[in-house]
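The values are calculated or read from the model by the stated rules, or taken from the named source; none is laboratory data. Every value quoted in this text rests on a predicted model; they were computed, and no experiment measured them. Note that we place each Cβ from the backbone using ideal geometry, even for glycine, and neighbour counts take in every protein chain shown. When the accessible area is computed, the model is the full protein with side chains, heavy atoms only, and any ligands, DNA or RNA have been set aside. Shrake-Rupley method; radii C 1.70, N 1.55, O 1.52, S 1.80 Å.
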Amino acid sequence: MSLPTSLIQLVLPERCAGCALASGLLCAACAMPLTVPARAVRLGPGLPGLPQTWTVADYGGPVRAIIAAHKERGRTSLARPLGATLSRAVLATVAAVAEPVPGPDPPEQAPEQAPGPVLVPVPSARAALRRRGHDPTHRMAAVAVRVLRAGGLRATGLGALRQRRPVADQAGLTAGERAANLAGALEVVPRVPVAGRGVIVVDDVITTGASLAEAARALRQAGALVVGAATVAATPLRRGG
Ligand SMILES: [Zn+2]
């Protein structure tokens, strides 16, 4: 008989999700890569339709373990540090698209009335949702919205996307195969108002950019203005193929 994960977590001392050595949710050394400054993602050959993407961490080592523990092993309390990291990538996106107000005149819209960023998470595949029992990107996006609001930004989350058809697991696929696997896979949920709105697509990791490009395509098709994308981590470029 196997015990539910939640029960095991109650009876066993918690170990760091990054190194599994230190006690607690996340040790200082493993949390460190999540706190470096946000940077723009530069993929080799640009993927058509991929919005300018900002990220924080390199996907590897403890960061990979932390994201997997949150995503696949139900350590949902990791949504807090991951969501805080995501919020910084969103802030970098907002800063990149914000245009300086020209001239000495005050802006027509008072800052407190200016619309804040609208975060649209890339949805989990339905099979993954059933297996995991939660949508990790949704959960991180919700935390990121709370962090941004606490910082005075009128951020909102919008679960605007859903899967239109099943897709194969992206792991092990080449960039071209990933794009083909995802083409037309997402759609905007009917009656969710995205037309004319500026949105930022958010996800946990950018690898080839295929997921973010497909999300952006579906949102644009529904009339949204995709101003950028933000992720917690990015897979380092593989050189020479
Ligand atoms: Zn650790």
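Can you give me the long-range amide H partners of W54? Hydrogens built in the peptide plane at 1.01 Å from N, cutoff under 5 Å, separation of 5 or more residues or another chain.
Close amide H contacts, sequence-distant or interchain: V41, A229, A230, T231.
Taking θ as phi - 60°, what are the ³J(HN,Hα) couplings along the range 44-57 by the Karplus curve (6.51, -1.76, 1.60), each to the nearest whole Hz, with x for Gly and Pro?
x, x, x, 8, x, x, 6, x, 4, 10, 10, 9, 10, 9
Rank E214, E177, E187 by mean-square fluctuation in a GNM of the chain with C-alpha springs under 10 angstrom and give only the top-ranked residue.
E177
Report, by chain and number, residues whose modeled amide H sits under 5 Å from the one on L225, excluding near sequence neighbours (fewer than 5 apart, same chain).
Here the answer is G196, R197, G198, V199, since their amide H atoms fall under 5 Å of that of L225.
Provide the per residue accessible area, probe 1.4 Å, for the chain, rounded to a whole number of square angstrom.
54
Can you tell me which of A150, A20, A210 moves the most in a GNM of the chain? Springs connect C-alpha atoms under 10 Å apart.
A150
How do the peptides 202-208, 226-232, 71-77 rank, highest first, by the average count of neighbouring beta carbon atoms within 10 Å per residue? Working shown, then result.
Numbers: 202-208: 23.6, 226-232: 27.0, 71-77: 16.1.
Going by the mean number of other Cβ atoms within 10 Å, highest first, we get 226-232, 202-208, 71-77.
Which value, in Å³ per residue, describes the convex hull spanned by the Cα atoms of the chain?
Taking only Cα atoms, the chain has a hull volume of 158 Å³ per residue.
Ignoring any ligand, DNA or RNA, what whole percent of the accessible area of the chain comes from carbon and sulfur when the probe is 1.4 angstrom? Could the numbers behind the result be given before it?
Working: 7490 of 12970 Å².
C and S fraction of accessible area: 58 percent.
How far is helix 136-150 tilted off the main Cα axis of the chain, in degrees rounded to 10, range 0 to 90?
The angle comes out at about 60 degrees.
Relative contact order of the chain: what whole-number percent is it, with Cα pairs under 8 angstrom and at least 6 residues apart?
24 percent.
Against the longest alpha carbon principal axis of the chain, how many degrees, from 0 to 90 and to the nearest 10, is the axis of helix 61-72 turned?
90
So for the range 139-241, averaging the separation of alpha carbon pairs under 8 Å that are six or more residues apart and normalising by length, what relative contact order in percent results? The partial results should precede the final answer.
Details: 126 pairs, mean separation 25.2, N = 103.
Relative contact order, the range 139-241: 25 percent.
Give a residue-ordered list of calculated ³J(HN,Hα) values for the range 81-86 (Karplus: 6.51 cos²θ - 1.76 cosθ + 1.60, θ = phi - 60°; whole Hz; x for Gly, Pro).
Values per residue, Gly and Pro as x: x, 5, x, 5, 5, 4 Hz.
Mind checking which of P193, P81, P62 has the largest fluctuation in a GNM of the chain, springs on alpha carbons under 10 Å?
P193
In degrees from 0 to 90, rounded to the nearest 10, what is the angle of the helix 210-221 Cα long axis to the longest principal axis of the chain?
40
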